[in-house]
Protein chains: 2
Amino acid sequence: MSPHEETPDNTTSAVSTGNDVPSTTPSSGKASNGRPSPPNGANGVREWRRRSKYRHVEAYHSKVRQSSLSREPNPNVTASFLGFRNLMVIVLVAMNLRLIIENFMKYGVLICIKCHDYRRQDVVLGSILFGLVPFHLYVSYVIELAAATQAKRSVGRKKKDGSVEANEREQRIFRWTWRLSAFFHCVNTLCSLGITSFVVYFYVHHPGIGTVCELQALIVSFKICSYAFTNRDLREAMLNPSIESALPEIYSSCPYPNNITRRNLLYFWLAPTLVYQPVYPRSSHIRWTFVAKRLSEFFCLTVFIWLLSAQYAAPVLRNSIEKIAVVDFASIVERVMKLSTISLIIWLAGFFALFQSLLNALAEVMRFGDREFYTDWWNSPSLGFYWRSWNRPVYLFMKRHVFSPLVGRGWSPLAASTVVFALSAALHEVLVGIPTHNLIGVAFAGMMLQLPLIIITAPLEKIKSPTGKVIGNSIFWVSFCVVGQPLGALLYFFAWQAKYGSVSRMAE
Amino acid sequence: MSPHEETPDNTTSAVSTGNDVPSTTPSSGKASNGRPSPPNGANGVREWRRRSKYRHVEAYHSKVRQSSLSREPNPNVTASFLGFRNLMVIVLVAMNLRLIIENFMKYGVLICIKCHDYRRQDVVLGSILFGLVPFHLYVSYVIELAAATQAKRSVGRKKKDGSVEANEREQRIFRWTWRLSAFFHCVNTLCSLGITSFVVYFYVHHPGIGTVCELQALIVSFKICSYAFTNRDLREAMLNPSIESALPEIYSSCPYPNNITRRNLLYFWLAPTLVYQPVYPRSSHIRWTFVAKRLSEFFCLTVFIWLLSAQYAAPVLRNSIEKIAVVDFASIVERVMKLSTISLIIWLAGFFALFQSLLNALAEVMRFGDREFYTDWWNSPSLGFYWRSWNRPVYLFMKRHVFSPLVGRGWSPLAASTVVFALSAALHEVLVGIPTHNLIGVAFAGMMLQLPLIIITAPLEKIKSPTGKVIGNSIFWVSFCVVGQPLGALLYFFAWQAKYGSVSRMAE
């Protein structure tokens, strides 16, 4: 049984609602306006009282109506379920607040800045590895400078002797130049990646410092590759002026050999992109308040992630170790689910911190115009859409320098995709496995598994109906964020603990 | 670092995207269509290869763009966050599945049909109380039949003697008839409520059986009241024919004394409404598949609620007892939050089971046309809106027979609302307190507390902006479902346990 109410402002509507009895009573022929205004005169009082008594006969059930949750078409009611969305947000917040209290009661405060265990050696080695980056870039600059000098001479010779034989010779020289420069670039890149990986794997114990070093080495390798490939094609365009005219319009302000400067390479190094262009779209000025906001976002999110990892993820991971060790299936499922929420929040916070806050701040400082570091991957109707949209810098690199050239050479798109994913998988394994000193292949397998998932979910992308999109989107979220991430984190953490014990003293 | 991909169907777009280099190569002046079609002839192969190599110089960063999560106006991107809604649903499901597994590991299976402890006496007494209902209804029918006979005679006498004195006399008789019938109706209703409450409070131990009996008694009391009030006004309308013409159009098919039949009252008893009308809008026929679907929904939801209560709510409530006993604040907050999710789910399932499934099934069988048993209360922007929309049968009863007559008599709407809420509060306390044998006043206080909350949130209802609606809606959800319900359940359960120990053997 339950109550109901009438708010004060609801009065007039409550009184004048329904089939109001018209005011034609026997005692008075005058029409009242249907509102409970104070009656004037004894006759008025009687008339008004009688009217009001007739409330009891009002026909509240006057027409056929459907319940708003019935699936039948309701012409009079357009059901909106916005309130349930609000409820979901509230319940999510409440549930997580509860977990925070539970965690606090169980473990107390686990956060401890002083007791974090990183070694002096790790910091020193990390700094040295970072210091090597400009060196490798300088090497690739020198290689390109030599190739450019060679190309300029070639153009000069062609101007003097325009015969077909001379042209053929210059083409041969061009190809040799490319092979030579490609060789040196490869040596340079492999040195950069190899030295970093070797040092991190064998001498840098702390996985965080290791990851940053490895990430930096990978980014620089990507940039060197893009720099080499792009300059090779620019060189060819200069040698064949008819092709040059077909270069993108935006490059015209800096024609080929002019872009081989230290300043230009420095800009590419610091710009938030992995795709080399002699010229980028630029913003007109630096908005320092924008930079400050983005950097403070980044700082806050980093602290947030650290707190979450130390206070919530670490105990769950630690508990899970025992469960995995005894291979208790129900417990593992329960642990993975508990981890999934935390890892999802950490992942989302990390995504925002890196791709929105840090890259935007960097782009603003560099006056880099194209801020499309991601598109709306959260709406992904398929896994393919996700991989094309969440990390645009890497996606554009892979598309420009791996996928398109392969397809251009006559490879099937599926084969080219497989190559791209195999490369990605290898780099993922390097990025995760080397800093954690466990090349167990989970990251590699996880990436390679994406390919069949992409093929399976591809048809969902074409469905125009909202239901199809929701199904595809749900499959994406479940496969990636709820199952994929926490399971991976769990396995690497397990491997780490099996090898070294805990990462910090507080775990004891 | 991360990968990206190209789905097979993405090929052509990937190849022809961006600033494609036009196909005007030195070796051939012909334009190709920009697609990687198999080249024909050696010249074609060379031309096509050269073209494809030019992928490396494409300008992927060709214009200034914003990140889609940046707040700046994005002309090219309209950000949609539908994916995050799907994620919320998935996370909610995952979190609750996790809790189910955790609960299972902690307590095992608590569900046990055989060990449920209800006494033979409870069932027998419950059946007798149910059997009394038709008796009370029959009494009220007899009262109305007598009053109708009297009224018919009065109309007959008025036809013979139309003088003013005779009219005055008949009015006097009418008023006396009403006072007499009202007295008998009161006795009847109070007997019905009083006997049930007395028996349930002192002799029916099981709270579930008690609640059903008490609920049935309350519904019948409401119906008798509505029956008496409505017939009184119909009688007056018959005596004053000019008023009669002002009766709702829908009543004309069954003018006053004709509706005083056992059949008509039986229909009112079984119809899903608390507001008596001689005639209701009716549906044309009974769709038995509709009835079957609704009843199976009701059955499934009942089982679901039972499982949830036995397996999840009961242990949490039991754990909470110890926490309340030692008055550990953090633990109480944590327990209330844990309870809130479960009680919310039970409440929503119960709402759907009763108001959507059961009342719709009943309405279909009775060919009752007006199925608006609730409106979209989940979107409530204020508490007032909620109380007007979640339980329409009671709301309409209170509006027709309490609120409107009071306002019609010159009461202020606030005073009338207070009366309505005080009445509701008393009935809530009766409905909850009597079956649990604890008239501790929490339900009463909870209901009375609604009034200030309604007044506070009333301004939110008038805000047209979506933000205002979201804030009001959130206040509503938090106050009612997250804080109000579980706290109340906890307190009544606590009182019960303090008095009797556990309700079933399985709790030991």
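The values are calculated or read from the model by the stated rules, or taken from the named source; none is laboratory data. For clarity, every value in this text was computed on a predicted model and none was experimentally measured. Methodologically, a virtual Cβ is constructed for each residue, glycine included, from the backbone with ideal geometry; neighbour enumeration extends over all protein chains shown. Surface areas here come from the heavy atoms of the whole protein model, side chains and all, with no ligands, DNA or RNA. Shrake-Rupley method; radii C 1.70, N 1.55, O 1.52, S 1.80 Å.
Being farther than 16 Å from B:G126 by Cβ, open to solvent by 10 Å² or more (accessible area, probe 1.4 Å) and touching a residue at least 24 places away in the same chain (Cβ under 8 Å): is that true of B:F183 here?
So B:F183 fails the test.
Does A:E168 satisfy the criteria of being within 14 Å of chain B (Cβ to nearest Cβ) and surrounded by fewer than 12 Cβ atoms within 10 Å (Cβ to Cβ)? First the steps, then the outcome.
Numbers: within 14 Å of chain B (Cβ to nearest Cβ): yes; surrounded by fewer than 12 Cβ atoms within 10 Å (Cβ to Cβ): yes.
Spelling it out, A:E168 is indeed within 14 Å of chain B (Cβ to nearest Cβ) and surrounded by fewer than 12 Cβ atoms within 10 Å (Cβ to Cβ).
Only one of A:E334, A:E322 is open to solvent by less than 20 Å² (accessible area, probe 1.4 Å), part of a helix (DSSP H, G or I) and of a type in the set (D, E); which? Give the steps one after another, and end with the answer.
Numbers: A:E322 fails: open to solvent by less than 20 Å² (accessible area, probe 1.4 Å).
None of the others qualify; the one that does is A:E334.
Could you pull out the residue among B:S70, B:S80 that is at pLDDT below 80, open to solvent by less than 30 Å² (accessible area, probe 1.4 Å) and outside the structural domain of B:S192 (by the TED database)? Break it down into steps so the answer makes sense when it comes.
Working: B:S80 fails: open to solvent by less than 30 Å² (accessible area, probe 1.4 Å).
The match here is B:S70.
Does A:V483 qualify as being under 19 Å from the mean Cα position of the chain (by Cα) and modelled with pLDDT of 70 or more?
When the stated conditions are applied, A:V483 does not pass them.
Could you name every one of the helices (runs of 4 or more DSSP H) located completely within segment B:178-271 that has at least 1 residues being under 30 Å from B:K499 (Cβ atoms) and in contact with a Leu (Cβ under 8 Å, 6 or more places away or on another chain)? Give the derivation first.
Working: elements: B:207-239, B:241-244, B:262-270.
Result: B:207-239.
With respect to A:L129, is the statement that it is buried (at least 18 other Cβ atoms within 10 Å of the Cβ), away from chain B (no Cβ under 14 Å) and assigned to a helix (DSSP H, G or I) true?
Values: buried (at least 18 other Cβ atoms within 10 Å of the Cβ): yes; away from chain B (no Cβ under 14 Å): yes; assigned to a helix (DSSP H, G or I): yes.
The answer is yes for A:L129.
Hey, can you tell me all the residues within segment A:87-116 that are open to solvent by 50 Å² or more (accessible area, probe 1.4 Å) and more than 29 Å from the chain's Cα centre (by Cα)?
We begin by selecting, within segment A:87-116, every residue open to solvent by 50 Å² or more (accessible area, probe 1.4 Å); these are A:89, A:93, A:97, A:100, A:104-107, A:109, A:111, A:113-114, A:116.
Passing the criteria: A:F104, A:M105, A:K106, A:Y107, A:V109, A:K114.
Given the options A:R335, A:R367, A:R318, name the one that is among the basic types (K, R), more than 15 Å from the chain's Cα centre (by Cα) and more than 11 Å from chain B (Cβ to nearest Cβ). Even if it seems obvious, please write down each step before you answer.
Details: A:R335 fails: more than 11 Å from chain B (Cβ to nearest Cβ); A:R367 fails: more than 11 Å from chain B (Cβ to nearest Cβ).
Just one listed residue meets the conditions, A:R318.
Being under 31 Å from the mean Cα position of the chain (by Cα) and more than 10 Å from chain B (Cβ to nearest Cβ) is the filter here, so list the residues in segment A:226-244 that pass it.
Of segment A:226-244, the ones under 31 Å from the mean Cα position of the chain (by Cα) are A:226-231.
Residue satisfying the conditions is A:Y227 alone.
Any chance segment B:148-157 includes a residue that's β-branched (V, I, T) and open to solvent by 20 Å² or more (accessible area, probe 1.4 Å)?
Initial filter on segment B:148-157 (β-branched (V, I, T)): B:149, B:155.
Right, trim to open to solvent by 20 Å² or more (accessible area, probe 1.4 Å) and you get B:149, B:155.
The answer is yes; a qualifying residue exists.
Take the residues of segment B:245-265 that are touching a residue at least 60 places away in the same chain (Cβ under 8 Å) and more than 11 Å from chain A (Cβ to nearest Cβ): which is surrounded by the fewest Cβ atoms within 10 Å (Cβ to Cβ)?
This residue is B:R262.
Of the conditions (1) modelled with pLDDT under 90; (2) within 26 Å of B:E58 (Cα to Cα), A:I209 clears all except one; give me its number.
That leaves (2) as the condition not met.
Could you tell me whether segment B:230-239 includes any residue that is at pLDDT below 90, in the same structural domain as B:H185 (by the TED database) and closer than 21 Å to B:L359 by Cβ?
Within segment B:230-239, none of the residues are at pLDDT below 90, in the same structural domain as B:H185 (by the TED database) and closer than 21 Å to B:L359 by Cβ.
Assess whether B:G350 counts as being assigned to a loop (DSSP other than H, G, I, E, B), open to solvent by 10 Å² or more (accessible area, probe 1.4 Å) and not assigned by the TED database to the domain that holds B:G210.
Working: assigned to a loop (DSSP other than H, G, I, E, B): no; open to solvent by 10 Å² or more (accessible area, probe 1.4 Å): yes; not assigned by the TED database to the domain that holds B:G210: yes.
Criteria not met by B:G350.
Please specify each residue of segment A:353-379 satisfying the condition of being among the polar types (S, T, N, Q) and assigned to a helix (DSSP H, G or I). Break it down stepwise before answering.
Within segment A:353-379, the subset among the polar types (S, T, N, Q) is A:356-357, A:360, A:375, A:379.
Selection gives A:Q356, A:S357, A:N360, A:N379.
Let me spell it out: the conditions are (1) within 29 Å of B:I224 (Cβ to Cβ); (2) open to solvent by less than 70 Å² (accessible area, probe 1.4 Å), and B:D161 meets all of them except one. Which number is the exception?
(1)
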